[in-house]
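Novice: This is the structure, below, for whatever I ask next.
The values are calculated or read from the model by the stated rules, or taken from the named source; none is laboratory data. Quantities reported herein were computed from a predicted structural model and do not represent experimental measurements. Neighbour counts are summed over all protein chains in view; Cβ atoms, including those assigned to glycine, are modelled from backbone coordinates with ideal geometry.
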Amino acid sequence: MNSLKINDLSLGYGDVEVLKNINLDAYEGDITAILSPNGSGKTSLMHTLIGLIKPIRGNAIFTNQNGSDISLFALDARTRAKYVALISQNAMIQSHYSLLEFIMLGFNAYLKWYQTPNQEMRKKAMQMLERLEISHLKDRIFGRLSGGERQMAALGRALLQESKILLLDEPTSWLDLRNQVIFFEALKKEVRDRGLVALINIHDPYSIANYADYVYLLKDGMNLASGKPEEMLESRLLSQLYGLNIKAEYFKENKILILKAKR
């Protein structure tokens, strides 16, 4: 089984540690969510996993289906891109690419600097657009797409990269309810069908209630608790996480979360 294990990971800027000894496991076919207040280092964690930030200590290990362990931090940028793909909350809004050209950027990890996608890659890209139900927009300039269309395109680009680990950094922050549902349903299907490891940063407990398989709570840059959504979305833990008086009711069968909060 493919898996990602983050072991005792710490990172910071200058003398300030923003994440301290983080431990986290994520497995193929699941959506593993990180829930924490703003400014808790969630995005920095994602940037560390893709190589933009060097950790102070710790490791991130990808274990493949054959049981081989690969340290992400030991890989060069091009090789790491074959293991890890990032979907951010605001992907290249000003891009001059068409939608089709944008998602074909997912092939860059497999091309030399002087190469461009071939006809077979173009065919795969069109099939991806059809699967995500946005093929009718293939010639639309990326920056002129709606927020929901851009995020579906970002998902398509990441899937064409064929990485086994999908990192999602607040991917639905700017999406309305309809587009959030479309995005998460597409994500969940692709993660399960392809056996991908999906790790998502999110600050919306309601999305976690509906779509997450496992949840990590981070507070002040440290592990607070982890477990199934029904274990984490409860009054005591959420009150501790956000520093509020929160009353939470989670109905597991229907995946309904009701929150009441006051200072």
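Novice: Taking helices (runs of 4 or more DSSP H) that fall entirely within segment 36-137, which contain at least 2 residues that are over 29 Å from Ser173 (Cα atoms)?
Specialist: Fully inside segment 36-137 and qualifying: 119-131.
Novice: Could you look through segment 1-40, keep only residues that are in contact (Cβ under 8 Å) with a residue 24 or more places away in the chain and small (Gly, Ala, Ser), and pick out the one that is farthest from Asp220 (Cα to Cα)?
Specialist: Here the answer is Gly29.
Novice: Of the conditions (1) more than 15 Å from the chain's Cα centre (by Cα); (2) in contact (Cβ under 8 Å) with a residue 12 or more places away in the chain; (3) within 30 Å of Leu237 (Cβ to Cβ), His96 fails just one. Which one is it?
Specialist: (3)
Novice: Here is a follow-up. Tell me, which residue of segment 58-84 that is loosely packed, with under 14 Cβ neighbours inside 10 Å and among the charged types (D, E, K, R) is nearest to Leu24 (Cα to Cα)?
Specialist: For segment 58-84, the residue satisfying everything is Asp69.
Novice: I need every pair where a residue in segment 236-252 that is on the phi > 0 side of the Ramachandran plot has its Cβ under 9 Å from the Cβ of a residue that is at pLDDT below 90, sequence separation at least 6 or different chains.
Specialist: Within 9 Å, the pairs are Gly243/Pro37; Gly243/Arg263.
Novice: Something else: Output the residues belonging to segment 7-48 that are crowded, with 23+ Cβ neighbours inside 10 Å and of a type in the set (A, V, I, L, M).
Specialist: Scanning segment 7-48 gives Leu19, Ile22, Ala26, Ile31, Ala33, Ile34, Leu35, Leu45, Met46.
Novice: Next up: Condition first: among the hydroxyl-bearing types (Ser, Thr, Tyr) and farther than 17 Å from Glu28 by Cβ. Now tell me which residues in segment 179-215 satisfy that.
Specialist: Selection gives Tyr206, Ser207.
Novice: A follow-up question, please. Restricting the first residue to segment 52-81 and requiring it to be within 22 Å of Phe107 (Cβ to Cβ), which pairs with a second residue that is in a helix (DSSP H, G or I) and acidic (Asp, Glu) meet a Cβ separation below 8 Å and a spacing of at least six or different chains?
Specialist: none
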